[in-house]
Amino acid sequence: MRPVSGTGCWSCCSWVSLKAVPLGPDQLSGDVFTKGTNGEPAVLPGVRIVLHGPITKETESDAQGAFAIDRLPPGTYEIEANASGLSGEIAVEVAP
């Protein structure tokens, strides 16, 4: 099993953020959130998450805005997040 390395964070207009961090061997986890009306972070459930790299994988953020993707071969991945009217992208490295 190969470890995952790298961390990324994307934000736009300080109201939408996507971050991804190592979860374990061959895995990434992350969350998607926005700024709520009170200025505090608010999760974004149901966001489509797509990884593009040596392989392409897709998932959706859960009720807490979290996601996880496993069985990733080493390489650089672009993580794309899309929801109604919102989108973002970051790059992360999966190390051998």
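Numbers for the structure displayed
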read-out: Every residue from segment 54-96 that is in a loop (DSSP other than H, G, I, E, B) and farther than 12 Å from S29 by Cβ; value: P54, I55, A63, R71, P73, P74, S84, G85, A95, P96
read-out: So K35, is it basic (K, R) and modelled with pLDDT of 85 or more; value: no
read-out: Residue match in segment 38-45 (condition: at pLDDT below 85, in contact with a Lys or Arg (Cβ under 9 Å, 6 or more places away or on another chain) and surrounded by fewer than 15 Cβ atoms within 10 Å (Cβ to Cβ)); value: yes
read-out: Residues within segment 24-37 that are part of a loop (DSSP other than H, G, I, E, B) and loosely packed, with under 14 Cβ neighbours inside 10 Å, tallied; value: 3
read-out: Residue within segment 60-75 that is surrounded by 15 or more Cβ atoms within 10 Å (Cβ to Cβ), within 17 Å of K19 (Cβ to Cβ) and either polar (S, T, N, Q) or touching a helix residue (DSSP H, G or I) at 6+ places or on another chain (Cβ under 9 Å) (or both) present; value: yes
read-out: Pairs with Cβ under 7 Å, 6+ apart, first in segment 42-62 and free of Cβ contacts under 8 Å to residues at least 12 places away in the same chain, second of a type in the set (F, W, Y) and surrounded by 15 or more Cβ atoms within 10 Å (Cβ to Cβ); value: A42/F33; T59/F67
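The values are calculated or read from the model by the stated rules, or taken from the named source; none is laboratory data. No experiment lies behind these values; they were computed from the predicted model shown. Every residue, glycine among them, receives a Cβ derived from its backbone with ideal geometry; neighbour counts consider all protein chains shown.
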